[in-house]
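To keep things clear, I will list the structure first and then write my remarks on it.
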Amino acid sequence: MRPTGTPESGIAQSLSRRSMFKLAAATGAAAAAAPLLDACSSGSGSVPASSSSAGSGGPRHGGDLRVAILGGSSSDTLDAGREVTQPDALRVMALYNGIVRLNSRAQVVNDLATELTPNADATQWDIRLVQGVTFHNGKPLTADDIIFTLRRIMNPKSPLNGASALAPLDPSGMKALDSRTVRLKMRTPYASFPEQISAVYNFGVVPVGYDPKKPVGTGPFAFQSFTPGQQSVFTANKNYFQSGRPYLNSLTIIDSFASDTAAFNALQGGEVDAYAQATLTLSGQATSSGLSAVTSLPGQWTPFTMRVDQPPFNDVRVRQAFRLIVNRPQMITVSLSGFGSVGNDIFSQWDPAYDRSLARHQDIAQAKSLLAKAGHSKLTLGLTTADIAPGVLQAAQVFAQQASQAGVTVNIKKVPVGTFYGPNYLHWNFAQDFWAYSPYLSQVAQGMLTTSPFNETHWNNPSYVSLYKQANATVDKAKQTDLIHQMQRIDFNEGGYIIPAYNKQLDLLSPKVQGVRPSGTGIPLGNAEWASLWLSK
């Protein structure tokens with residue numbers, strides 16, 4: 001998290017008390033910080049005392065930051081609405097701003113908007129834009145660009161990642177009231193609208209006529225060059241609307257490294273300045289090598305995904321058994337080197353509506369009983385995985401060992417990242433994946449509906465969808481929370497995710513890299529706050 005007094009607090013101060021109140025009243029965002037702040041004082045989620053700014057003085061301008069991250073492939077993208085991998089997210093968050101965004105405390109805050117104002121039943125939302133924002137090509141940001149961005153995402157012929165979240169929006173009911181004000185008409189009440197569009201990597205604002213091959217945004221850095229699976233180079237946006245930032249002259253993101261060893265060696269040898277989302281076992285080596293290490297709060301989650309429409313997981317008893325197989329503390333110790341907190345098969349742990357009464361523990365006897373009743377006492381199946389996030393491959397091995405106690409044989413099939421996210425992505429029967437934090441209803445839109453872009457479990461539950469629609473439409477936060485709790489109980493009892501943990505992340509830095517603070521969003525390098533990073537001499 002970013003303490004008060006850091007550059008981020010200047011953003012919050014630039015928003016009027018009136019607009020912040022409206023946003024918080026509409027979404028409950030102000031409460032979202034509470035569980036995350038609580039984590040700061042607990043053992044499992046504590047923020048390390050060190051940060052990359054300790055004793056370094058104030059920010060200075062200049063310098064070229066080179067960042068290493070694993071997971072690149074030929075499918076890499078700069079498109080504002082088609083992010084899939086972690087390197088994609090880092091690139092998109094350098095190029096674009098959202099209407100709103102999640103800050104490092106997992107709160108929904110204004111970004112390009114100064115106000116989001118609903119009417120009484122949330123069937124209409126007015127968006128007021130920051131004055132004086134320009135795109136990288138010099139074009140002023142206007143209400144027409146917001147309308148173009150939303151229509152581009154919703155395009156039925158080529159829907160982007162955020163299309164499912166915008167389902168209640170009437171595409172013909174968007175109107176520019178003036179150059180800085182947009183009025184949105186909703187087909188149904190949409191109380192959760194701000195949190196639904198808070199993932200900048202899915203809702204980056206682009207200009208009318210946007211060409212993803214020549215990407216233009218309003219973000220702190222502008223496009224210079226891009227080679228998928230190799231690297232991307234960005235230059236500072238000298239007209240960025242946050243005065244005085246960014247501090248860096250340029251940003252280069254390199255995702256061509258074949259292994260964690262290669263990336264770590266490049267950092268030690270001075271070929272890069274940061275290794276984002278580093279392998280967790282490197283923490284001790286970093287300290288002895290004179291590098292800085294910043295550990296996030298547990299914001300990322302790396303689930304096992306079970307297709308509920310295919311055998312054997314179309315039998316809920318098998319899904320329940322597989323969840324009972326997992327010894328969660330052991331998996332955190334072995335696969336994450338202790339860098340995580342226990343997950344209970346429910347996502348969105350920072351959401352104020354997260355039901356903390358739901359907990360699951362290993363029960364091999366019950367797992368065996370459920371498998372026997374389902375006719376799978378001696379089950380053998382494959383687990384498809386790839387090196388998509390720290391600890392994922394290790395978690396696969398741990399799960400296979402734990403499953404053997406219940407008579408289940410798991411054959412691990414490791415494939416290249418490009419293959420994993422290739423044509424078969426979202427079709428694997430039993431696999432793994434990674435997610436950053438999103439508020440609960442936003443996460444449902446991304447992965448739990450038949451219209452979701454990433455419905456990897458092929459979840460299709462009419463009662464669940466009905467509750468989701470009711471929750472979206474409910475302005476009263478207490479009533480909305482009750483509806484969400486009903487959805488989470490369905491997740492817990494019937495869902496297709498195994499979520500053993502909420503993972504911390506490790507960013508390794510040269511001592512000259514400053515401004516990286518622990519974050520709870522699951523996005524590395526302090527929530528990719530590129531405008532706040534700087535290099536000391």
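Here is how the numbers come out for the structure above:
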read-out: Residue within the range 518-528 that is assigned to a loop (DSSP other than H, G, I, E, B), among the small types (G, A, S) and surrounded by fewer than 24 Cβ atoms within 10 Å (Cβ to Cβ) present; value: no
read-out: Evaluation of Q366 against (1) more than 20 Å from the chain's Cα centre (by Cα); (2) outside the structural domain of T450 (by TED's automatic domain parsing); (3) not acidic (D, E) (one fails), failing number; value: (2)
read-out: Options T123, T114, T142, T134: the member that is touching a Lys or Arg at 6+ places or on another chain (Cβ under 6 Å) and at pLDDT 95 or above; value: T114
read-out: Members of the range 170-210 that are closer than 30 Å to S104 by Cβ, touching a strand residue (DSSP E or B) at 6+ places or on another chain (Cβ under 6 Å) and surrounded by fewer than 23 Cβ atoms within 10 Å (Cβ to Cβ); value: R180, T181
read-out: Flag for G382 being under 23 Å from H458 (Cβ atoms), at pLDDT 95 or above and exposed (fewer than 14 other Cβ atoms within 10 Å of the Cβ); value: no
read-out: L90 vs. criteria outside any strand (DSSP E or B), at pLDDT 95 or above, touching a helix residue (DSSP H, G or I) at 6+ places or on another chain (Cβ under 7 Å) and not assigned by TED's automatic domain parsing to the domain that holds R180; value: yes
read-out: Filtered residue count, the range 126-135, keeping only those that are over 25 Å from the mean Cα position of the chain (by Cα) and of a type outside the set (V, I, T); value: 4
read-out: Options G229, G217; residue that is surrounded by fewer than 17 Cβ atoms within 10 Å (Cβ to Cβ) and within 22 Å of the chain's Cα centre (by Cα); value: G229
read-out: Boolean, T252 is at pLDDT 95 or above, hydroxyl-bearing (S, T, Y) and assigned by TED's automatic domain parsing to the domain that holds G526; value: yes
read-out: Among the candidates T261, T235, T227, residue that is farther than 28 Å from R101 by Cβ and free of Cβ contacts under 8 Å to residues at least 60 places away in the same chain; value: T261
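The values are calculated or read from the model by the stated rules, or taken from the named source; none is laboratory data. Just so it is clear, the model here is predicted, and its values are computed rather than measured. Note: ideal-geometry Cβ built from the backbone for every residue, glycine included; neighbour counts use all protein chains shown.
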